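Any read-out appearing in this document is the output of simple, stated calculations on the displayed coordinates, not a laboratory observation. Bear in mind the structure is a predicted one, so any value in this text is a computation, not a measurement. Note that each Cβ is placed from the backbone with ideal geometry, even for glycine, and that neighbours are counted across all protein chains shown.
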Amino acid sequence: MPQPKTCFVTVEGLSIKVIFSRRKTATIEVRHGEALARVPLRTPAAWLIHFLTQRAGWVREHLAQQQVLLTEHTINPWEARCLPYLGQSLPLQVVAGARASSATLTDEHLVISLGRRSTKVPEQLTNELTKLWLKEQANDYLSERLDYWSAVMKLQPSELKVANFKSSWGQCNSRGRIALNWHLMMAPPEVIDYVVIHELAHLEEMNHSARFWALVHRHCHHVDQSRAFLRERGVWLQWR
């Protein structure tokens, strides 16, 4: 029977997702509250169990740390009555019984109008309208930042797509298309710029080599802080 490409292994009470692939080394990480191991194809079962057992303590510690971050940074505009927006806390004003559902930015609030004909519960409708509004802002803001840094770095992408990735803030493919996650609109402007610079740098270096990072650091002076910020807020990507 062929070996599965993915399976779950339980060691010391921990459920760890294991992905088999054409790689030479074994690694383990904790992302978005899930333990994930990547191992070579045809890894012996006994060796795999030993590898995971050795790292069970590390996994448990990092799962606990991420649970704190999940609790601290989970997005629920209905409950919080505010929304992270460009690094600031944007107050929400929810208005029930409106003629139509909408989201409108004023000088002081993001006004969420709940249409009286909607069959959705208020929490669901509030969160959906908030996400829709953020996506609309992303289309203009991310395009403007990409145009700006493209001119500065003299690197021209073939296309920009505002995306809804589950596990990444941005991507650049070999055809020069850059995709940026709309969730970035909740981050401070300097963090957004870091992601834009990062993806543009891939137009010149399609890897994460020393030359790639040198190019990123040449244009961004807050790389480490931005990466730490995004790591801590990976839970934002689960708000879909």
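A few comments on the model shown:
- Charging the Cβ of each Asp and Glu at -1 and of each Lys and Arg at +1, and nothing else, the dipole of the stretch 77-238 about its Cα centre rounds to 480 debye.
- Relative contact order (%) - criterion: Cα under 8 Å, at least six apart; region: the chain: 14
- Candidates per trypsin sites (Lys or Arg not before Pro) in the stretch 132-172, loop by DSSP, up to 10 other Cβ within 10 Å: 154, 166
- Where GluC sites (Glu not before Pro) fall in DSSP loop in the stretch 1-103, at most 12 other Cβ within 10 Å: 12
- Cα gyration tensor, the chain - rounded (a/c under 1.5), prolate or oblate: oblate
- Of 20, 165, 212, the one that fluctuates the most in a GNM where the chain has Cα springs shorter than 10 Å: 20
- Structure remark: mean-square fluctuation, Gaussian network model of the chain, C-alpha springs under 10 Å; the largest value among 120, 131, 24 belongs to 24.
- The stretch 210-240 residues near the modelled residue 68 label - backbone nitrogen below 17 Å, point 7 Å along Cα→Cβ: 228-235
- The 3J(HN,Hα) values that the Karplus relation (6.51, -1.76, 1.60; θ = phi - 60°) gives for the stretch 53-63 are, in residue order, 5, 4, 9, 4, x, 4, 4, 4, 4, 6, 5 Hz. Gly and Pro appear as x.
- The chain: most fluctuating residue of 41, 83, 230 per GNM, C-alpha cutoff 10 Å: 41
- Over the chain: helical MRE at 222 nm, DSSP H runs n ≥ 4 each giving -39500 (n - 2.57), nearest 500: -13000 deg cm²/dmol
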